[in-house]
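> Before I ask anything, here is the structure I am working with.
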Amino acid sequence: MVDHSYADLSLAALYDSLNPWGPGDDFYLDLVMSAGSVLDVGCGTGRLLRGARAAGHGGSLMGLEPAAAMLVQARRAEPRVEWVLGDLRTRRWEGQGFDLVVMTGHAFQELLGDEELRAVLTAVRTALSPTGRFVFETRNPAARAWETWTPDRVHHVVDPDGRQVRVWHEVDGSPVGDRVTFTETYEGAPWPQPQVCRSTLRFLGPDALADFLNGAGLEVVEQYGDWARGPVTSGSPEIITVARQG
């Protein structure tokens, strides 16, 4: 299911402003620029692949996204990328042979069920070339990032028409197992009343990630705890995983 914040055109137009380019984008852009063919799963507004084209990438770039409103932003900004509406389970990937498959923006955490996760990882394996790499990041559950998702931390952005918008998050109760449910509220002139989006994310640790990857025929090559490629520790904000066909 596509989150309302990604399916609504007025909310999708705010995505890049709410998530400005940062160290994670630089990390992924370096990988993309060194790969001949790239599949960006859950590409959103396509910022990563748009950046790669702008930087001179001349190879095959495909962005896959289930939310049509997000792809509207991508297609408007960069027509020289293949933008595909759907997900990894909507087409056959055998023989595709991508040098690099990425899932950025913590999109991996939106895979909530075990069977859904296994199906996606199996599709990733079949989409990779024999020497290809799958790279994605998840928030480290040991760092408990959700404890900072409180209504007093308000983000102020401006929509494409110059109108002010306030955005804040609030966790819905306590975590249930490895899942955290929260609301994201948008308030401002574009809407007659606040827009409230409810989402759930799954927080998997290194061992659980390795088990799911191995079960799909993938193996972990490297894992980092931050965008500077530091080790994964209890205080690391991220678990950045590099995997390949096993």
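> Hey, can you tell me all the residues within the range 149-171 that are open to solvent by 70 Å² or more (accessible area, probe 1.4 Å) and either under 21 Å from Glu110 (Cβ atoms) or part of a loop (DSSP other than H, G, I, E, B) (or both)? Walk me through it before giving the result.
Initially, the range 149-171 is screened for residues open to solvent by 70 Å² or more (accessible area, probe 1.4 Å), giving 152-153, 155-156, 160-161, 163-164, 166, 170.
Answer for the range 149-171, where residues must be open to solvent by 70 Å² or more (accessible area, probe 1.4 Å) and either under 21 Å from Glu110 (Cβ atoms) or part of a loop (DSSP other than H, G, I, E, B) (or both): Asp152, Arg153, His155, Pro160, Asp161, Arg163, Glu170.
One line per residue, one yes/no per condition, for (1) over 30 Å from Glu219 (Cβ atoms); (2) touching a residue at least 24 places away in the same chain (Cβ under 8 Å):
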| site | (1), (2) |
| --- | --- |
| Ala74 | yes, yes |
| Glu78 | yes, yes |
| Val84 | no, no |
| Trp93 | no, yes |
| Leu117 | no, yes |
| Ser129 | no, yes |
| Gly132 | no, yes |
| Arg166 | yes, no |
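> Condition (residue is assigned to a loop (DSSP other than H, G, I, E, B), over 22 Å from Glu147 (Cα atoms), open to solvent by 30 Å² or more (accessible area, probe 1.4 Å) and at pLDDT below 95) applied to the range 176-189: is it met by at least one residue? First the steps, then the outcome.
Narrowing the range 176-189 to residues assigned to a loop (DSSP other than H, G, I, E, B): 177-178, 189.
Those left that are additionally over 22 Å from Glu147 (Cα atoms): 189.
Narrowing further to those that are open to solvent by 30 Å² or more (accessible area, probe 1.4 Å): 189.
This time we only want the ones that are at pLDDT below 95, so: 189.
Within the range 176-189 (the criterion being assigned to a loop (DSSP other than H, G, I, E, B), over 22 Å from Glu147 (Cα atoms), open to solvent by 30 Å² or more (accessible area, probe 1.4 Å) and at pLDDT below 95), the answer is yes, since at least one residue qualifies.
> Out of the residues in the range 112-145 meeting the condition of being outside any helix (DSSP H, G or I) and charged (D, E, K, R), tell me which one is farthest from Phe212 (Cα to Cα). I'd like the intermediate steps shown before the answer.
From the range 112-145, those outside any helix (DSSP H, G or I) are 112-113, 128-140, 144; that's our starting set.
Keeping just the survivors that are charged (D, E, K, R) gives 133, 137, 139, 144.
Details: Arg133: 16, Glu137: 14, Arg139: 16, Arg144: 21 Å.
Across the range 112-145, the extreme among qualifying residues is Arg144.
> Which residues, taken from the range 52-89, are of a type in the set (Lys, Arg) and either within 15 Å of the chain's Cα centre (by Cα) or over 15 Å from Val32 (Cα atoms) (or both)?
We begin by selecting, within the range 52-89, every residue of a type in the set (Lys, Arg); these are 53, 75-76, 80, 89.
Scanning the range 52-89 gives Arg75, Arg76, Arg80, Arg89.
> Restricting to the range 168-189, what's the tally of residues that are without any contact (Cβ under 8 Å) to a residue 12 or more places away in the chain and β-branched (Val, Ile, Thr)? Break it down stepwise before answering.
Looking only at the range 168-189, we keep the residues that are without any contact (Cβ under 8 Å) to a residue 12 or more places away in the chain, and these are 173-174, 176-177.
Those still in the list that are β-branched (Val, Ile, Thr) too: 176.
Qualifying residue count, the range 168-189: 1.
> Checking Ala67 against (1) modelled with pLDDT of 95 or more; (2) on the phi < 0 side of the Ramachandran plot, which single condition isn't satisfied?
Among (1) modelled with pLDDT of 95 or more; (2) on the phi < 0 side of the Ramachandran plot, Ala67 violates only (1).
> With the requirement that a residue be touching a helix residue (DSSP H, G or I) at 6+ places or on another chain (Cβ under 7 Å) and touching a residue at least 24 places away in the same chain (Cβ under 8 Å), what does the range 219-246 give you? Lay out the reasoning, then the answer.
Here is the first cut: in the range 219-246, the residues touching a helix residue (DSSP H, G or I) at 6+ places or on another chain (Cβ under 7 Å) are 219-220, 223, 227, 232, 234-237, 239, 241, 243, 245-246.
Across the range 219-246, the qualifying residues are Glu219, Trp227, Val232, Ser234, Gly235, Ser236, Pro237, Ile239, Thr241, Ala243, Gln245, Gly246.
The values are calculated or read from the model by the stated rules, or taken from the named source; none is laboratory data. Predicted, not measured: the structure shown is a model, and the values here were computed from it. Cβ coordinates were reconstructed from backbone atoms using ideal geometry, including for glycine residues, and neighbour counts include every protein chain displayed. Areas reflect the complete protein model, heavy atoms only, side chains present, ligands, DNA and RNA absent. Shrake-Rupley method; radii C 1.70, N 1.55, O 1.52, S 1.80 Å.
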